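Heads up, the thing below is written out as structure tokens.
A short reminder: the numbers here are calculations on the coordinates, not readings from a lab. These numbers were taken from a predicted model, which means no experiment stands behind them. Heads up, the Cβs are rebuilt from the backbone with ideal geometry, glycines too, and the neighbour counts pull from every protein chain shown.
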Amino acid sequence: MRFCLLLALALLGQSGISQRANSGSTDQKYSVSGQIIDQETGNPLEYATVAFINSEGSIVEGGITDLDGKYSIDVQRGVYTIRYEYISYNTIEKTEQRIFENTQLPTISMSLDSESLDEVVVRAETTEVQIRLDKKIYNIGKDLTTSGATVGDALSNVPSVTVDVEGAIALRGNENVQILINGKPSAIAGFGSTDALTQLPADAIEKVEVITSASARYDAEGTAGILNIVLKKEKTLGVNGSAILNLGYPYSAQLTTNFNVRTEKFNFFNTTGLQYREAPGNGRFENIFFSKNVDNPLVIEDRDIERIRRGFNTNLGVEYYIDDNSSVTATGFYRKSKDDDETVNLTEEFDPSGQLDKSRERVEYETEDDYTFQFSANYTNRLDDNGQLLTADFQWENGKETSPAIIQEAQLFPTPEPLPTEDITEITEETEYLAQADYVLPIGENAQFEAGYRGRFQNEVTDYLLLQQLVAGGPFVRNDSLSNIFDFTQNIHALYTQYGNKFGKFSFLLGLRMETTKLKGEVTGVDVTSENENALLNLGFDKDFIGLFPTVNLVYEITEDENVTFGYNRRINRPRGFFINPFPSRSSEANIFQGNPDLNPAYASAFDLGYLKRWSKMTLTSSVYYQYETDAFERIQEDTGFETPNGIPIIRTIPINLSTNQRMGFEAGMIYNPSRKIQLNGSFNIFRFIKDGEFNGVVYDADDTSWFARLSTKIMLPAAIQWQTNGFYRGPTRNAQTENEGILSINTALSKDILNDNATIVFNVRDLFNSRIRRSFTETPTFTSDSEFQWRVRSFNLSFTYRFNQKKRQSRGRGNDNFDDGEEFGGGGRANP
């Protein structure tokens with residue numbers, strides 16, 4: 001019956017049928033409006049159907065609710081039965097409704113139909129996409145291949161997103177992407193690093209918002225765009241939760257519990273996780289030097305990495321409903337981890353004839369002890385029934401990481417002998433505050449005005465101490481040239497305003513954001529003399545920047561299931577502490593990374609033209625995009641002119657404001673469910689990038705085209721066993737110095753529900769063919785480097801999930817809770833399916 005009603009409404013919309021409701025009615029039409037909400041949670045139900053039925057039992061008018069659960073339908077005067085329907089909810093009918101003037105009907109509260117919950121389960125397990133004026137929302141459903149995985153692993157299955165072999169996240173091939181948790185910068189995602197995402201289970205994700213044309217509400221940071229990870233928060237009354245146990249090889253173990261207690265006035269929620277993970281990796285570097293002064297022009301370095309990750313994290317929150325329109329939420333997040341890493345570098349030097357001249361072994365033992373605590377508070381007040389909304393947020397975070405390391409070296413050939421040892425201690429402390437206020441004012445039926453402020457205040461202090469032996473077995477002496485304390489401060493103030501409206505099938509959202517940035521760095525505790533390379537560096541800086549960032553988002557709704565979108569926004573890429581810290585890493589003696597304190601922000605303007613089409617069993621999304629970036633960061637490799645104590649030239653990787661970049665591309669995504677037993681999800685992205693830049697007399701111009709694609713299939717096998725396989729391929733890429741080969745990665749999984757569907761067991765294999773390896777070749781005027789690196793080898797995982805007082809998936813009814821950082825005007829919801 002529900003599907004018949006939807007079909008009837010569609011036919012009515014296409015054919016323009018207009019029937020008289022009762023005898024004596026005229027052609028005069030009146031506006032009938034109202035709202036539909038979930039009876040248990042009070043959340044609005046979008047895309048619920050409203051049908052007006054005349055005395056003969058025929059549907060004469062109808063429509064669907066918008067993002068806020070509201071509807072407004074023009075109806076001829078008369079007396080009707082009004083039918084309200086929503087998938088998996090009990091149908092409601094109101095008889096003898098007299099429509100003789102513009103009418104505002106009472107709010108309708110709908111309750112779940114327990115007999116149809118199985119239908120909801122099937123729907124929730126399928127990845128769905130929703131289009132908003134400024135983003136795409138992927139309700140990632142139940143991805144079997146990420147059972148026992150982390151948030152970082154789950155992101156690799158989101159269209160437009162790639163995660164490389166070292167965990168770096170890119171959007172449309174661009175790594176300058178801003179990661180938000182529940183709409184805000186967060187310790188859960190990490191600042192300037194995504195390492196923390198490896199400690200959060202993928203099962204905690206409710207949805208991922210891919211924001212390539214961000215509205216003015218969002219930070220302007222991230223030239224590629226924004227990934228907003230929205231975590232689950234149970235909305236149903238009562239006590240419920242789940243426990244997830246994972247075991248894997250290479251050896252890993254993880255236990256995650258989710259617990260929720262909700263009453264009429266309070267909602268308590270908690271996610272706690274324990275993990276142990278071994279992550280072996282390996283690498284190989286083959287460097288050839290052209291200088292005549294180099295005794296051994298060929299240097300080969302083999303690297304084996306053994307990592308052990310131990311972690312504990314917990315997120316505890318309480319939401320208090322002051323009244324029907326306002327609430328306060330307080331959340332505390334604590335993360336504690338300890339990592340033990342052992343990296344063994346075997347370096348072999350060959351003379352011009354190709355004979356082995358020297359070989360050494362360098363072993364680094366590093367331990368990382370770190371903790372992060374974050375407290376956040378939110379106040380939400382729906383000031384009236386028309387959608388006027390005020391929210392205020394405060395967030396405080398403190399973290400500390402201590403990383404002691406011992407680097408031991410020994411010559412293996414021609415004469416075995418020990419070499420001097422290095423003792424390194426690096427301590428990083430970070431404190432950050434965030435304050436934010438947002439105000440939303442609906443204007444009339446379709447317009448909305450919004451304004452707000454956000455301030456972020458971050459301080460990071462890195463204390464780096466290097467002790468070295470001058471001779472093997474001798475006393476340790478402080479290296480005054482490299483030991484230092486780097487104090488980095490970044491303060492950002494932002495004001496924004498935006499206005500949106502809808503005229504028929506056309507919606508728009510215009511915004512302007514102003515951000516002021518202060519970057520300040522100070523280095524103490526270092527001896528800068530003309531005898532070392534640090535004399536060439538500007539070790540202190542104090543910079544101020546101000547920028548205006550306009551945004552334009554347009555939508556034209558061709559039909560309810562087809563639309564065209566256009567977006568423009570200007571964005572900024574600020575250099576982070578790691579990129580600015582001028583002191584080199586010590587993981588490898590001859591291949592180092594060094595920050596550049598002279599880095600300035602890069603700015604980008606981006607355009608996006610998108611198209612969406614829905615059929616009964618398939619959804620197609622596509623877009624054409626273009627980005628122009630100035631002062632873009634580029635990591636270049638160069639010969640420093642210095643040598644290790646053993647005479648090996650030191651190759652430095654350093655970021656600089658190198659180039660002007662142009663990036664243009666096309667992407668398409670498809671979700672196809674031909675039956676309840678087969679589900680397909682695929683995406684394809686091809687892009688071209690053009691770089692123009694020069695540094696130290698070297699031209700770094702590049703022009704290259706690359707692509708990546710993914711395909712996920714889920715099939716229901718006999719005995720109700722589900723089989724899922726995800727395949728990903730990233731095509732070859734190149735820039736002015738480096739060529740990277742293509743990478744293929746395949747994950748597969750089997751799943752079975754047991755214990756009366758209260759539990760699920762999943763077995764998966766990630767990187768089935770052990771092929772997720774980065775192979776690259778770098779060529780410069782003074783050397784070439786041929787490298788191969790595998791961050792993590794193939795892994796096997798067995799996962800067991802048990803749920804109590806909780807359906808396998810809850811209703812997809814959408815809430816307007818503060819976890820989602822609010823929805824922009826229209827989210828375009830009224831204009832977009």
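Report whether or not ASN484 is closer than 30 Å to THR367 by Cβ and in contact (Cβ under 8 Å) with a residue 60 or more places away in the chain. I'd like the intermediate steps shown before the answer.
Values: closer than 30 Å to THR367 by Cβ: yes; in contact (Cβ under 8 Å) with a residue 60 or more places away in the chain: yes.
Yes: the conditions hold for ASN484.
For residues in the stretch 414-447 being within 27 Å of the chain's Cα centre (by Cα) and among the small types (Gly, Ala, Ser), which is farthest from TYR499 (Cα to Cα)?
Applying the first criterion (within 27 Å of the chain's Cα centre (by Cα)) to the stretch 414-447 yields 428-440.
From the residues that got through so far, the ones that are among the small types (Gly, Ala, Ser) too are 435, 437.
Working: ALA435: 23, ALA437: 17 Å.
So, considering only residues that are within 27 Å of the chain's Cα centre (by Cα) and among the small types (Gly, Ala, Ser), the one farthest from TYR499 (Cα to Cα) is ALA435.
For residues that are without any contact (Cβ under 8 Å) to a residue 60 or more places away in the chain and closer than 21 Å to THR428 by Cα, tally how many sit in the stretch 337-371.
Here the count works out to 12.
For the stretch 274-285, indicate whether the set of residues that are within 27 Å of the chain's Cα centre (by Cα) and of a type in the set (D, E, K, R) is non-empty.
yes
Which one of the conditions (1) in a strand (DSSP E or B); (2) at positive phi does GLY354 fail to meet, given that it meets all the rest?
Exception for GLY354: condition (1).
Please tell me if VAL299 is buried (at least 18 other Cβ atoms within 10 Å of the Cβ), of a type outside the set (Lys, Arg), over 26 Å from the mean Cα position of the chain (by Cα) and not in a strand (DSSP E or B).
On the way: buried (at least 18 other Cβ atoms within 10 Å of the Cβ): yes; of a type outside the set (Lys, Arg): yes; over 26 Å from the mean Cα position of the chain (by Cα): yes; not in a strand (DSSP E or B): no.
Against the criterion (buried (at least 18 other Cβ atoms within 10 Å of the Cβ), of a type outside the set (Lys, Arg), over 26 Å from the mean Cα position of the chain (by Cα) and not in a strand (DSSP E or B)), VAL299 does not qualify.
Which of the residues belonging to the stretch 647-660 are in contact with a Ser or Thr (Cβ under 8 Å, 6 or more places away or on another chain) and either surrounded by fewer than 16 Cβ atoms within 10 Å (Cβ to Cβ) or closer than 30 Å to ASN573 by Cβ (or both)? Walk me through how you get there before you give the answer.
Within the stretch 647-660, the subset in contact with a Ser or Thr (Cβ under 8 Å, 6 or more places away or on another chain) is 648-652, 660.
Selection gives ILE650, ILE651, ARG652, THR660.
Looking only at the stretch 266-279, decide whether some residue is closer than 29 Å to GLY455 by Cβ, in contact with a Lys or Arg (Cβ under 7 Å, 6 or more places away or on another chain) and surrounded by 22 or more Cβ atoms within 10 Å (Cβ to Cβ).
For the stretch 266-279, residues closer than 29 Å to GLY455 by Cβ, in contact with a Lys or Arg (Cβ under 7 Å, 6 or more places away or on another chain) and surrounded by 22 or more Cβ atoms within 10 Å (Cβ to Cβ): present.
To keep it simple, each residue is scored yes or no on (1) small (Gly, Ala, Ser); (2) on the phi < 0 side of the Ramachandran plot.
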| residue | (1), (2) |
| --- | --- |
| GLY57 | yes, no |
| VAL60 | no, yes |
| SER72 | yes, yes |
| GLY78 | yes, no |
| ILE82 | no, yes |
| ASN90 | no, yes |
| GLU96 | no, no |
| GLU101 | no, yes |
